[in-house]
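Contents: one structure, followed by commentary.
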Amino acid sequence: MNTMPVDLDRLWGRGIHHMKARRMFAAAAALALIAGACGGDDDTAEPPADATDDGGGDTGDDGGDTGDDGGDTGDDGGDTGDDGGDTGDDGGDTGDDGGDDGGDTGGDSTAGQGGNLVMLQWQAPSQANSLLSNGTKDLLAGSLVLEPFAEFTPDGEVVPALATEIPTQSNGGISEDLTTITWKLRDDVLWSDGSPFTAADAVFTYEYCTNEETGCSVEVFADVTSVVADDDYTVTVTFDAPKPYPFAPFVGYTSPVIQAAQFADCVGAAAKSCSDQNFQPIGTGPYVVTELRPEDTVSYAMNENYRGIPDGKPFFGTIEIKGGGDAEASARSVLEVGEADYAWNLQVAPEIIAPMVDAGNGTVKSAFASSVEHINLNQTDPDADPPSEGTPHPLFVDNPDLHRALSIAINRDELVAVGYGPTGAPTCNMWPVGAENSTNNDWCLTQDIEAANALLDGLGYMDTDGDGVREAEGFGPLEFDFVTSTNAVRQSNQELIANHWDQIGVKANMKNEDASLFFDGTCAADACIWKFFSPIQMFTNSSSGPDAGTYLNGWTSGKIPTSATSWGGDNIPRLNNADYDALDTQLSETALDDPSRTDLVIQMNDILSTTAIIPLIHRANPSAFANSIENVGDLNGWDSEYWNIEDWTRAG
């Protein structure tokens, strides 16, 4: 299986049309499905995922991994170098790990001798506890420190991290009835404070996240009835029903293990106030946080207790993640100026980034996975009291003709040409992956203003006062606030969509929010995508793994963010659809090798994509690398782009 890494330098440089890129992706995705169905090597789960190809997300920014940035979600869901020098004196005081911040690595190891790596995340991290944030920017920051049992490779394969092997039915790790998965853990892992990592930490993580007052953003434990330490290095996870694809709890960068000792007093309502723990979690990964300034900079030093040190890993002694600015400035810093080693999420117009690549200082890598730029139509009323909780939106619920009119009024080819080039393709689906990519909604690929106007006429939405804006009886003018993050590409697309809708008598009041607040998984500000205090928002959502079932489960009615859940929950548009929930249950009970599984995925996608969400663009998430950075491998669209940071080196 392959997520089709994209050589953007080549695509831009030779002017290959994006549709060709799309066909290339489709072929690769088809191969991915075949590979998934046929199983993999010894590291691949059994039964193998129908893994194919993600915020996204971010969610995106993200959601799922939302936001966007989400993907992130939404729209929203699966990767550098530095400058040499003594690593022992530039990491600052860690305050919690007992190390000397990247100094003497001991013995003959070359670990930490690579100096400082400068990484740019223009959407700056708010914190580093991955369990309390769905924002990709925060999840990435945490992924340098915290680890799961297993990770996803760029090909969607599940590979061990803290585990010694991937559980399968053949090795006894997955029960015959598919209700339990038993993980064998490494016995040579230390936390960065020098204490041993054990199964008890995993049990604690489960208890931490299943306390509703904690506000844990990870929803992978929703179907888990218990997590038990069979011994110090064996953990059994039991599900409430057969789980054909059990690789969600403790798998991928969205579901890492936290240290029981550090977070013991942070369970429940105390979780959000544990700033020291959330900013500087003790981890088992290759780095420790030495300082975190929210929405600004995160500084790291090598974890002196990292198990890879005898093998010379990690190479870099310190890392700085610098936030702020925008995608274009970040790209320029790496590709033209050469003042940074890496820049994430370069949502930059093709005609702007192409000359930067031509400067010859760096390259752009990307991979299509599941990230989809999309519009959320709030299914709850943002003007009700309380806003966006419980009260259905007066127009957007059970109104397929309005959804269709808004969708077919949009010229998606124009959005791609202006904002994405070879890194985007028009889509009508939230799961545009391989054989599970529905063709039932292809009608949205062709802009049809006349048909959109006819649909609105049919609904009785007429412009009765001649101001160019239709009115709906009992609602008033079809005028909506339309919010997205501050980003040149998004503002250009936002303006185009507002123009398209203007042609059908719908007025969009364009607004944009600072990306660090928009995708802030802590929802400290009302601007965050999870609160959704507006009728319409736009961002990217991505899957944090290759299983469609796990991803689509995020839009079930039980996953709606509310104040009671501290705004945790992936169902940002607030879809409340009994048919969708029933299909989710059916899919969760369907074996991976059952042919009906594909149809179920398509049915769920079709409900999602024709009710609460208007998919726009299947997008890659381009990131820039300085030419000196080596051993990055393919960019990972299914897990953290930093999933293999310990392998990154600098030439020379």
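The values are calculated or read from the model by the stated rules, or taken from the named source; none is laboratory data. Owing to the predicted nature of the structure, the values given are computational and were not obtained by experimental measurement. Positions of Cβ are backbone-derived with ideal geometry, glycine not excepted, and every protein chain shown enters the neighbour counts. Surface areas here come from the heavy atoms of the whole protein model, side chains and all, with no ligands, DNA or RNA. Shrake-Rupley method; radii C 1.70, N 1.55, O 1.52, S 1.80 Å.
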Name the pairs whose Cβ atoms lie under 8 Å apart, with the first residue in region 294-312 and over 21 Å from ASP276 (Cα atoms) and charged (D, E, K, R), the second open to solvent by 50 Å² or more (accessible area, probe 1.4 Å) and not in a loop (DSSP other than H, G, I, E, B), and 6 or more positions between them or separate chains?
ARG307/LEU190
Name every residue in region 237-282 that is basic (Lys, Arg) and within 18 Å of VAL227 (Cα to Cα), in order of residue number.
LYS243
List every residue pair whose Cβ atoms sit under 9 Å apart, with the two residues 6 or more apart in sequence or on different chains, where the first one lies in region 158-175 and is over 19 Å from LEU144 (Cα atoms) and part of a strand (DSSP E or B) and the second, anywhere, is open to solvent by less than 30 Å² (accessible area, probe 1.4 Å) and of a type in the set (A, V, I, L, M).
THR168/ALA45; THR168/ILE174; ILE174/ALA45; ILE174/ILE181
Yes or no: THR550 assigned to a helix (DSSP H, G or I), under 29 Å from THR484 (Cα atoms) and open to solvent by 10 Å² or more (accessible area, probe 1.4 Å)?
yes
Tell me which of these ILE352 doesn't satisfy, since it passes every other one: (1) open to solvent by less than 10 Å² (accessible area, probe 1.4 Å); (2) at pLDDT below 95; (3) not in a strand (DSSP E or B).
(1)
Residues being over 16 Å from THR153 (Cα atoms) and touching an Asp or Glu at 6+ places or on another chain (Cβ under 7 Å): count how many of those fall in region 626-652.
5
ASP606 passes all but one of (1) crowded, with 22+ Cβ neighbours inside 10 Å; (2) closer than 30 Å to LYS507 by Cβ; which number fails?
(1)
In the set ASP383, ASP341, ASP358, ASP398, the lone residue that is under 21 Å from ALA620 (Cβ atoms) and surrounded by fewer than 22 Cβ atoms within 10 Å (Cβ to Cβ) is ASP358
Result of the Cβ filter at 7 Å on region 188-200, keeping first residues that are assigned to a helix (DSSP H, G or I) and partners that are buried (at least 19 other Cβ atoms within 10 Å of the Cβ) and not aliphatic (A, V, I, L, M), at least 6 apart or interchain, is ALA199/TYR233
Taking TYR233 as meeting all but one of (1) over 28 Å from GLY558 (Cα atoms); (2) open to solvent by less than 30 Å² (accessible area, probe 1.4 Å), write down the number of the exception.
(2)
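Listed here are the residues, each with its yes/no results for (1) open to solvent by 10 Å² or more (accessible area, probe 1.4 Å); (2) of a type in the set (D, E, K, R); (3) not in a strand (DSSP E or B).
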site: THR238; (1), (2), (3): yes, no, no
site: PRO249; (1), (2), (3): no, no, yes
site: PRO256; (1), (2), (3): no, no, yes
site: ASP276; (1), (2), (3): yes, yes, yes
site: PRO281; (1), (2), (3): no, no, yes
Matching helices (runs of 4 or more DSSP H) fully within region 416-533 where at least 1 residues are among the polar types (S, T, N, Q) and more than 27 Å from the chain's Cα centre (by Cα):
449-458, 488-502
Take the residues in region 593-603 that are among the acidic types (Asp, Glu) and modelled with pLDDT under 95; name whichever of them is surrounded by the most Cβ atoms within 10 Å (Cβ to Cβ).
ASP594
Residues of region 424-442 being open to solvent by 10 Å² or more (accessible area, probe 1.4 Å) and modelled with pLDDT under 95, which ones?
GLY434, ALA435
Across region 569-592, what is the number of residues that are over 23 Å from SER388 (Cβ atoms), open to solvent by less than 20 Å² (accessible area, probe 1.4 Å) and not in a helix (DSSP H, G or I)?
1
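Here's the yes/no breakdown for (1) part of a strand (DSSP E or B); (2) over 25 Å from the mean Cα position of the chain (by Cα); (3) not hydrophobic (A, V, I, L, M, F, W, C):
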position: TYR253; (1), (2), (3): no, no, yes
position: LYS272; (1), (2), (3): no, no, yes
position: THR284; (1), (2), (3): no, no, yes
position: LEU292; (1), (2), (3): yes, no, no
position: GLU295; (1), (2), (3): no, no, yes
position: PRO310; (1), (2), (3): no, yes, yes
position: GLY325; (1), (2), (3): no, no, yes
position: GLU336; (1), (2), (3): no, yes, yes
Do the conditions hold for GLY460, that is, is it within 24 Å of GLN379 (Cβ to Cβ), open to solvent by 40 Å² or more (accessible area, probe 1.4 Å) and touching a strand residue (DSSP E or B) at 6+ places or on another chain (Cβ under 8 Å)?
yes
Inter-residue pairs, beta-carbon under 7 Å, first under 16 Å from HIS374 (Cβ atoms) and in region 491-502, second β-branched (Val, Ile, Thr), 6+ apart
ASN493/VAL418; GLN494/THR484; LEU496/VAL418; ILE497/ILE410; HIS500/ILE410
Complete set of residues in region 604-622 that are under 26 Å from ALA367 (Cα atoms), modelled with pLDDT of 95 or more and not in a helix (DSSP H, G or I)
ILE613, ILE614, PRO615, LEU616, ILE617, HIS618
ALA515 passes all but one of (1) modelled with pLDDT of 95 or more; (2) among the aliphatic types (A, V, I, L, M); (3) open to solvent by less than 10 Å² (accessible area, probe 1.4 Å); which number fails?
(1)
Looking only at region 534-547, which residues are assigned to a loop (DSSP other than H, G, I, E, B) and either at pLDDT below 95 or under 22 Å from GLU219 (Cβ atoms) (or both)?
ASN541, SER543, SER544, GLY545, PRO546, ASP547
Could you give every pair whose Cβ atoms fall below 7 Å, whose first residue belongs to region 516-530 and is within 14 Å of GLN123 (Cα to Cα), and whose second residue is buried (at least 24 other Cβ atoms within 10 Å of the Cβ) and of a type in the set (Lys, Arg), counting only separations of at least 6 or pairs across chains?
PHE519/LYS137
Kindly indicate whether any position in region 105-118 is at pLDDT below 90, of a type outside the set (A, V, I, L, M, F, W, C), part of a loop (DSSP other than H, G, I, E, B) and touching a strand residue (DSSP E or B) at 6+ places or on another chain (Cβ under 7 Å).
no
What number goes with the only condition from (1) touching a Pro at 6+ places or on another chain (Cβ under 9 Å); (2) within 30 Å of ALA340 (Cα to Cα); (3) of a type in the set (Gly, Ala, Ser) that SER623 does not pass?
(1)
What's the number of the condition PRO281 fails, among (1) closer than 30 Å to GLU589 by Cα; (2) of a type outside the set (D, E, K, R); (3) touching a strand residue (DSSP E or B) at 6+ places or on another chain (Cβ under 8 Å)?
(1)
Using the structure shown, decide if PHE263 is among the hydrophobic types (A, V, I, L, M, F, W, C), over 23 Å from TRP567 (Cα atoms), modelled with pLDDT of 95 or more and open to solvent by less than 40 Å² (accessible area, probe 1.4 Å).
no
State yes or no: is ASP341 within 25 Å of the chain's Cα centre (by Cα) and within 24 Å of SER492 (Cα to Cα)?
no
Subset of region 152-194 [open to solvent by 40 Å² or more (accessible area, probe 1.4 Å) and more than 24 Å from GLY285 (Cβ to Cβ)]:
GLN169, SER170, ASN171, GLY172, GLU176, ASP177
